[in-house]
Amino acid sequence: MESNKTTYESTDAYIAQFSPEVQAILQQVRQVIKEAAPEATEKISYAMPTFVLHGNLVHFAAFKHHIGFYPGAGGIASFQEQLSLYKGAKGSVQFPIDKPMPLELIREIVKYRVADNIERAANKAANKKKSEK
């Protein structure tokens, strides 16, 4: 069975498919993530731009009426109050495309996710060391 999903080679290729207005928003979101997580690398995962640092950090994607931002359940739960203005689910939030992007909030969530992923990686390494003794 063939999938109709388009696969993208890069974040640039993903962003290029959208109108100039949406491209500008996606580039803003991308830049904020890069600044908040300078050590992270970019890739395409789940057919959307993804930043990785000791595992998936955040994903983002454009839709007809919103920008989807996917910081995982922990990223949503830790910023529940600030995100209450937006439609969302356990691990995602929808920022309306016709409103200003909450770039500072995105920056704070990304910084939280960086710290969380680094802590998880350190704990995993420490537990592995213990089990090797």
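General observations
- Residue list for the range 72-110, filter: touching a Gly at 6+ places or on another chain (Cβ under 7 Å) and buried (at least 18 other Cβ atoms within 10 Å of the Cβ): G72, I76, S92, I109
- Here R107 fulfils each of the conditions (1) in a helix (DSSP H, G or I); (2) more than 19 Å from T11 (Cα to Cα); (3) basic (K, R) apart from (2).
- For H59, the conditions (1) surrounded by 16 or more Cβ atoms within 10 Å (Cβ to Cβ); (2) out of contact with any helix residue (DSSP H, G or I) (no Cβ under 8 Å at 6 or more places or on another chain); (3) at pLDDT below 95 all hold with the exception of (3).
- Qualifying residue in the range 29-36 (condition: over 11 Å from the mean Cα position of the chain (by Cα) and of a type in the set (K, R)): no
- Given (1) crowded, with 17+ Cβ neighbours inside 10 Å; (2) part of a helix (DSSP H, G or I), index of the condition H54 fails: (2)
- When residues of the range 46-55 are limited to those that are at pLDDT 95 or above and over 19 Å from M101 (Cβ atoms), the one nearest to the chain's Cα centre (by Cα): V52
- Filter pass, K130 being modelled with pLDDT of 95 or more, of a type outside the set (S, T, Y), surrounded by fewer than 16 Cβ atoms within 10 Å (Cβ to Cβ) and farther than 25 Å from Y8 by Cα: no
The values are calculated or read from the model by the stated rules, or taken from the named source; none is laboratory data. Note that this is a predicted model, so its numbers are computed, not measured. Virtual Cβ from ideal backbone geometry, glycine too; neighbours counted across all protein chains shown.
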